[in-house]
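*Asks:* Structure provided below as structure tokens; questions to follow.
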Amino acid sequence: MSILFIGGSRRKESINAKLKHRLVQVAEKHTFDFELLDADALDAPIYHGDHEQAEGVPKAMQQLAKAVAAADKVVLVSPEYNASVSPLIKNAIDWTSRVDGQVWKGKKVLLAAASPGGLGGIRGLSHLRDILGNVQAWTAPLFACCPNANDETIAAMDEDFLSTFLSQGD
Ligand code: FNR
């Protein structure tokens, strides 16, 4: 079972990167195979039809599409902005949906978020699930959200819950 972890924030001190790291630690303990993609892997211009026509899908987005296609599961760990999806993740889904092969179709996708707010980013994940439904991904029923997120609250997340979260779709 190979899991591809993708973070939705490029901020140096990203709390979502920290949650992703915690999930990876749990994955390591439970010997899931996994691959990590740095959020920098999502670096691409905002989708633009003229850009696509002139230059095709950017290399980074082609590579991302390949990594998604090769993974058994994808874990997206995304911040919430204004109660919705991280623009980095939305843009990556838009671009990769333009790559031949419908890489998201049937893909098992697990959604996680960390936020300093009390709702933990769950509203953004709910929107993200709708978008992924449009590209025919299968999204797992359990979200892993960390409200009031900081180093301590992320470390305190229940390990059994996180491994159940990661096992979804097995
Ligand atoms: C936020 N943040 C935020 N948090 C939240 O729980 N719900 C929200 O609707 C929003 N909206 C929002 C909009 C914008 C434009 C920014 C910049 C931020 C706060 C956000 O969760 C916080 O900045 C996180 O630290 C961002 O994630 P990373 O970069 O730390 O992973």
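*Asks:* Mind checking which residues of the range 99-125 are of a type outside the set (Asp, Glu) and surrounded by fewer than 16 Cβ atoms within 10 Å (Cβ to Cβ)?
*Replies:* Taking the range 99-125 as the starting set, the residues that turn out to be of a type outside the set (Asp, Glu) are 99, 101-125.
Hits for the range 99-125 are 101, 102, 105, 106, 116, 117, 118, 119.
For every residue, the table says whether it meets (1) touching a Lys or Arg at 6+ places or on another chain (Cβ under 7 Å); (2) closer than 16 Å to residue 7 by Cα.
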residue: 63; (1), (2): no, yes
residue: 93; (1), (2): no, yes
residue: 105; (1), (2): no, no
residue: 110; (1), (2): yes, yes
residue: 118; (1), (2): no, no
residue: 122; (1), (2): no, yes
residue: 160; (1), (2): no, no
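*Asks:* Okay, moving on. So, of the residues in the range 80-94 that are surrounded by fewer than 20 Cβ atoms within 10 Å (Cβ to Cβ) and of a type in the set (Ser, Thr, Tyr), which turns out to be farthest from the ligand (Cβ to nearest atom)?
*Replies:* Here the answer is 84.
*Asks:* Moving on to the next point. Condition first: closer than 22 Å to residue 163 by Cα and in contact with a Ser or Thr (Cβ under 9 Å, 6 or more places away or on another chain). Can you find one or more residues in the range 48-59 that meet it? Walk me through it before giving the result.
*Replies:* Our first condition is that a residue be closer than 22 Å to residue 163 by Cα; within the range 48-59, this holds for none.
No, because not a single residue in the range 48-59 is closer than 22 Å to residue 163 by Cα and in contact with a Ser or Thr (Cβ under 9 Å, 6 or more places away or on another chain).
*Asks:* Pick from the range 1-47 the residues that are out of contact with any Pro (no Cβ under 6 Å at 6 or more places or on another chain) and polar (S, T, N, Q): which of them is modelled with the highest pLDDT?
*Replies:* If we take residues in the range 1-47 being out of contact with any Pro (no Cβ under 6 Å at 6 or more places or on another chain) and polar (S, T, N, Q), then 14 is modelled with the highest pLDDT.
*Asks:* Which residue, of 65, 54, is free of Cβ contacts under 8 Å to residues at least 40 places away in the same chain, away from the ligand (no atom under 16 Å from the Cβ), among the hydrophobic types (A, V, I, L, M, F, W, C) and under 20 Å from residue 134 (Cβ atoms)?
*Replies:* On the way: 54 fails: under 20 Å from residue 134 (Cβ atoms).
Only one candidate passes the filter, namely 65.
*Asks:* Kindly establish whether residue 73 is closer than 16 Å to residue 5 by Cα and either surrounded by fewer than 17 Cβ atoms within 10 Å (Cβ to Cβ) or away from the ligand (no atom under 11 Å from the Cβ) (or both). Full working, then the answer.
*Replies:* Numbers: closer than 16 Å to residue 5 by Cα: yes; either surrounded by fewer than 17 Cβ atoms within 10 Å (Cβ to Cβ) or away from the ligand (no atom under 11 Å from the Cβ) (or both): yes.
In short, yes.
*Asks:* Residues that are among the aliphatic types (A, V, I, L, M) and within 15 Å of the ligand (Cβ to nearest atom): find the helices (runs of 4 or more DSSP H) completely inside the range 121-167 holding 3 or more of those. Don't jump to the end; show me each part of the working.
*Replies:* Details: elements: 122-134, 151-155, 159-167.
The helices (runs of 4 or more DSSP H) meeting that bar are 122-134.
*Asks:* If you don't mind, another one. From 131, 46, which residue is under 14 Å from the mean Cα position of the chain (by Cα) and either of a type outside the set (D, E, K, R) or within 21 Å of residue 11 (Cα to Cα) (or both)?
*Replies:* Details: 46 fails: under 14 Å from the mean Cα position of the chain (by Cα).
On inspection, the qualifying residue turns out to be 131.
*Asks:* Also, quick follow-up: Which of the residues belonging to the range 95-120 are within 16 Å of the ligand (Cβ to nearest atom) and either in contact (Cβ under 8 Å) with a residue 60 or more places away in the chain or charged (D, E, K, R) (or both)?
*Replies:* Within the range 95-120, the first condition is being within 16 Å of the ligand (Cβ to nearest atom), and the residues that meet it are 111-120.
Within the range 95-120, 112, 113, 114, 115, 116 meet the criteria.
The values are calculated or read from the model by the stated rules, or taken from the named source; none is laboratory data. Treat the numbers as computed from the prediction; the structure is a model and nothing was measured. As a convention, Cβ positions derive from the backbone with ideal geometry for all residues, glycine included, and neighbour counts pool all protein chains shown.
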